[in-house]
């Protein structure tokens, strides 16, 4: 795939050039108004209208916020090429106005985009750069500052988890969990409990993994997160699959699959379809597996996720 990222070294050069008296000055109140507007319209076509308006008025801070939101929307639809374009634009505009929080968000968003595509080197580069900005930023205690740091740590943890660096991943996840606990975020705790469950699953400590997955499920149920609940069913299914309890695994995987039906999140829906097909294949039930394999191939092609494509081809 064609590279769509901006190299970090180039960013630093631009940032140094931007740090002068001509950089626009935005009050916190003005930033709050922009964020409120973008949050209100980001799930509708109105976001494109506001991006056009901000472009005409040369409101670079607003463009950074809006493109970060647009990129997240595209990523949730598994449109990763479009997400990368939007998040690179967010990064450009955030650098122009020398806004560290928006730079961090853009870097983390790019890291997540690349991680979904299976490009771990690029993902790692952006998540580590986001964490570096967090560590150097004067604000360490506000909700936004802690959240940005937590997202960076989560991204780093997931990359090291994918590469098999369990100790590094576990340290990152525990630091992230501490941050989410500080913020009182059930969603954040749900994510990190699940991540720690994956660590113990890799350690083959399945009872401990189940404890963390159960904690994640409880958090997700409190906030009624369909995606989070679906992912927990997937985790439970995998534990059953590992211990060759295939019928129980299928029950959990089907729950995950059903929750993802009608959802625009193709990346996670693909995960559930692959899991069901895999268990049927392990049971020697190729006929039952075939429809899920067909669906998985179609979704893998749409998402252009190299990691998922490899799973389907196995």
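General remarks:
- Pairs with Cβ under 9 Å, 6+ apart, first in the stretch 186-211 and at positive phi, second in a helix (DSSP H, G or I): 204/242
- When the stretch 222-237 is filtered for residues that are assigned to a helix (DSSP H, G or I) and under 18 Å from residue 192 (Cα atoms), the ones remaining, listed by number, are 222, 226, 227, 228, 229, 230, 231, 232, 233, 234, 235, 236.
- In the stretch 71-85, the qualifying residues are those that are surrounded by fewer than 24 Cβ atoms within 10 Å (Cβ to Cβ) and without any contact (Cβ under 8 Å) to a residue 60 or more places away in the chain, and the one that is farthest from residue 100 (Cα to Cα) is 79.
Read the figures in this text as sums done on the coordinates, not as results from a lab. From a predicted model like this one, the values you see are computed outputs, not experimental measurements. Cβ sites come from the backbone with ideal geometry, for glycine too, and all protein chains shown count toward neighbours.
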